[in-house]
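The values are calculated or read from the model by the stated rules, or taken from the named source; none is laboratory data. Please read all numbers here as calculations on a predicted model, not as lab measurements. Because the Cβ atoms are built from the backbone with ideal geometry, glycine has one as well, and the counts that use them run over all protein chains shown.
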Amino acid sequence: MELVRRLRAHLSRGERSAHRVSDGRLRECASSIHPPYPDPLPAGERGRRARTSGVFAAIAVFAAAAGFAWLSLAPPPSLDRASAVSTLVVDRNGHLLRPFTTPDGIWRLPVTAAEVDPKYLTFLKAYEDRRFDSHGGVDPLAFVRAAWQAMTSGRVVSGGSTLSMQTARLLEPERGRNLSRKIWEIGAASALERAVGKRRVLDLYLTLAPYGGNLEGVRAASLAYFGREPSRLTTAQAALLVALPQSPEARRPDRDPAAARRARNRVIDRLLGQGVIAPAEAEFAKTEAVPEGRKQFPAFAAHTAEQAVAATPLQPVVRTTLDRDIQSKLEDLARERSRNLGAAHSMAMLVVDHATGAVRAHVGAADYFDDARAGHVDQARAVRSPGSTLKPFIYGMAFEEGIAQPATVIEDRPVRFGAYAPKNFGEDYQGTVTMERALQLSLNVPAVAVLDAIGPHRLVARLRQAGVDLKLPKGEAPGLAIGLGGVGTSLFDLATLYTALARGGDAVALHETGEASPAPDLRLLDPVAAWQVSKALLGTPAPKAAVTGRIAYKTGTSYGFRDAWAVGFDGKHVVAVWTGRPDGTPSPGLVGRDSAAPILFDAFARIAPRTEPLPSAPYEAGLRMAELPPALRRFQPRGEAAPVLDAGDVPLTIAYPADGVRVDLGAGQGAPEPLALKAAGGSAPYTWLVDGRPVAADTRRSTAFWTPDGQGFARLTVLDGEGRSASATVRVD
């Protein structure tokens with residue numbers, strides 16, 4: 001009876017009534033703790049205590065009735081806090097790409113019990129709430145146990161709070177910590193289970209439990225401390241995640257690993273004592289290291305994630321079309337290759353499933369977190385000169401309109417179109433070649449001649465009809481220079497055009513979220529012309545160490561070596577690559593074939609072990625490939641009757657850098673980068689001078705590279721074989 005009295009005195013009236021603990025149940029618990037023993041009290045004392053016990057029993061019955069009414073009528077806690085979770089951006093399979101903090105800066109990632117390792121759930125219930133699956137939100141036996149332990153040890157050994165009560169407290173943490181709050185938790189826990197069910201209660205706890213700092217929920221903690229989702233955890237990891245919410249700030253592994261280890265090991269010892277884990281498992285788990293810092297949260301496709309969240313700010317989970325596996329592989333590729341390009345260089349890559357237009361990977365920079373490479377800027381959407389990457393569509397329009405066919409021959413030699421005299425990239429000429437070969441070798445003069453025949457206005461209109469936004473200088477009309485890159489476009493635009501080419505000429509809007517938008521009127525080329533161009537590009541010589549004939553692709557280099565491009569496709573994917581400096585300054589030696597093409601082939605190798613073959617030729621292609629009529633055997637440029645000028649008849653000028661410009665070569669931050677010097681017109685040999693001193697260069701070519709000694713003005717002069725000269729003054733920064 002003395003033990004029962006002590007239990008009754010320890011428990012508050014509100015707690016006993018809330019748990020409906022009767023004196024009979026107290027006696028039962030007391031007898032289970034300590035065996036009965038003879039009562040030495042005199043008969044009179046026994047009678048007085050019996051009457052007192054009767055009063056207490058009546059009070060207990062009344063308190064139990066009141067507690068039952070409270071538990072039945074108490075409102076559930078507000079779920080507002082549970083809805084204020086981190087926004088998640090996921091790939092097409094639901095895999096996490098990038099989470100964002102809540103508006104108040106908390107990492108609170110939603111998670112359900114089905115997404116957590118069952119081992120962790122077993123540990124959590126065994127340690128925190130063994131009867132969670134059977135009680136109604138409150139566990140009376142847990143309160144009795146906690147009270148007995150407190151009385152016998154003189155301190156709080158364990159609490160009586162259930163997971164449901166803890167969840168109620170997490171939902172409304174502003175209520176403080178006192179007796180009235182404990183009573184509120186009891187009612188709120190029961191009401192919460194009635195309102196949402198036990199499984200949802202567990203999900204809420206897993207999402208809201210504190211783990212130190214701005215981490216809430218088991219998923220955020222697992223990613224921050226282990227760098228992995230909580231779906232698969234070691235015994236030691238699961239035990240640590242059980243231990244941390246008890247005292248999240250004091251046990252933070254990133255601040256006090258020793259305290260975290262001690263707390264984890266106490267959980268392991270308790271689980272061992274309960275028979276939840278075996279001795280060998282417990283011993284091994286204690287040897288596992290505790291994380292001593294926090295890891296970065298996933299940030300795959302960071303640019304896509306930011307744009308998607310900005311477009312749908314109220315959507316808690318944003319599903320994209322990306323594939324995290326492909327995205328991860330190409331981000332690794334970008335970081336690896338950017339190291340060989342220079343500290344200020346970056347790159348961008350896109351992978352598109354050309355059957356649907358769904359973007360599978362979007363790498364907007366070499367490293368999102370590298371400020372030196374302007375990693376926060378999405379280079380895949382930056383507008384730049386596309387170099388020679390538009391040539392396939394010039395030939396495609398000519399094939400479609402019957403102006404020429406792949407087997408039509410054309411002259412590759414110096415020619416003038418009015419005041420415009422294009423040159424090949426290498427400043428050499430191939431003579432008589434077929435259209436197909438001219439495209440494969442990316443010869444400039446034949447491409448400009450064909451563009452002159454179809455009209456630059458019509459090319460621009462056709463490309464815009466396919467859904468791309470070409471940028472021309474304000475007030476300028478399309479000219480022949482657009483065939484060699486004299487127009488602004490982006491990597492997304494080029495991927496759109498080549499996706500249409502891979503689809504047999506039908507364009508589709510590229511998309512990173514949602515489903516493909518039907519666009520039956522976005523036709524770029526007819527199926528036969530698209531197939532003819534694709535077949536020609538399939539024969540483009542591959543870069544070193546790669547095999548020709550597996551990927552249809554085209555490269556491009558913008559004027560002044562600012563941008564290097566490579567875009568290609570097989571039977572499933574389109575891959576587009578850009579490399580260069582984010583600030584648009586020249587990069588000597590940056591050429592599409594040498595810089596971007598190897599990355600393109602490497603990207604295809606990482607996407608899949610083998611490339612998919614291109615579709616077979618359309619039926620109509622056989623008719624067009626029959627013996628060519630005389631009119632299509634040789635292409636006649638419209639200006640061919642005009643006298644063809646030798647390169648030496650063109651006035652000598654300095655094409656780059658222009659007179660009076662400022663060139664940022666990083667001269668103020670260490671060793672400056674080389675500056676590309678480009679002459680136009682004149683005739684070889686070319687001699688370059690800087691402030692009167694000669695520049696070592698190949699005199700057969702009009703391009704040279706000069707590395708300045710530091711900042712300041714420089715006078716550039718070029719001399720040609722006829723003794724003509726041109727000069728420009730530039731400022732080097």
I'm trying to understand the selection: among the residues of the stretch 72-101, which are under 19 Å from residue 209 (Cβ atoms), at pLDDT below 95 and not aliphatic (A, V, I, L, M)? 76, 77, 78, 80, 81, 83
Regarding the stretch 386-407, can at least one residue be identified that is within 30 Å of residue 457 (Cα to Cα), part of a strand (DSSP E or B) and touching a residue at least 60 places away in the same chain (Cβ under 8 Å)? no
Tell me, which strands (runs of 3 or more DSSP E) wholly within the stretch 659-722 include 3 or more residues that are out of contact with any Ser or Thr (no Cβ under 8 Å at 6 or more places or on another chain) and under 18 Å from residue 588 (Cα atoms)? 703-706
Check residue 405 against each of (1) at pLDDT 95 or above; (2) closer than 25 Å to residue 499 by Cβ and name the one condition it does not meet. (1)
A careful count of residues in the stretch 209-234 that are assigned to a helix (DSSP H, G or I) and surrounded by fewer than 22 Cβ atoms within 10 Å (Cβ to Cβ) gives 1
Quick check: is even one residue across the stretch 298-319 hydroxyl-bearing (Ser, Thr, Tyr) and closer than 15 Å to residue 87 by Cα? yes
Please indicate, with yes or no, whether at least one residue in the stretch 700-717 is closer than 18 Å to residue 581 by Cβ, under 46 Å from the mean Cα position of the chain (by Cα) and among the acidic types (Asp, Glu). no
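Check 472, 491, 510 and return the single one that is of a type outside the set (D, E, K, R), over 28 Å from the mean Cα position of the chain (by Cα) and at negative phi.
Details: 491 fails: over 28 Å from the mean Cα position of the chain (by Cα); 510 fails: over 28 Å from the mean Cα position of the chain (by Cα).
Exactly one residue qualifies, and that residue is 472.
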So, first residue free of Cβ contacts under 8 Å to residues at least 24 places away in the same chain in the stretch 224-244, second residue surrounded by 18 or more Cβ atoms within 10 Å (Cβ to Cβ), Cβ within less than 8 Å, six or more apart or across chains; the pairs are 228/222
Of all residues being surrounded by 15 or more Cβ atoms within 10 Å (Cβ to Cβ) and charged (D, E, K, R) in the stretch 93-114, which is nearest to residue 299 (Cα to Cα)? Just the residue, please. 98
Residue 526 at pLDDT below 95 and under 26 Å from the mean Cα position of the chain (by Cα): no
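Quick one: in the stretch 723-733, of everything that is touching a residue at least 12 places away in the same chain (Cβ under 8 Å) and in a loop (DSSP other than H, G, I, E, B), which residue is nearest to residue 588 (Cα to Cα)?
Checking each candidate, the answer is 733.
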Tell me, which residue of the stretch 317-360 that is assigned to a loop (DSSP other than H, G, I, E, B), out of contact with any helix residue (DSSP H, G or I) (no Cβ under 8 Å at 6 or more places or on another chain) and in contact (Cβ under 8 Å) with a residue 12 or more places away in the chain is nearest to residue 513 (Cα to Cα)? 321
Can you pull out the residues in the stretch 81-92 that are within 14 Å of residue 315 (Cβ to Cβ) and buried (at least 16 other Cβ atoms within 10 Å of the Cβ)? 85, 86, 87, 88, 89, 90
Considering each residue of the stretch 361-373, count those that are touching a residue at least 40 places away in the same chain (Cβ under 8 Å), of a type in the set (A, V, I, L, M, F, W, C) and closer than 21 Å to residue 674 by Cβ, and give that number. 0
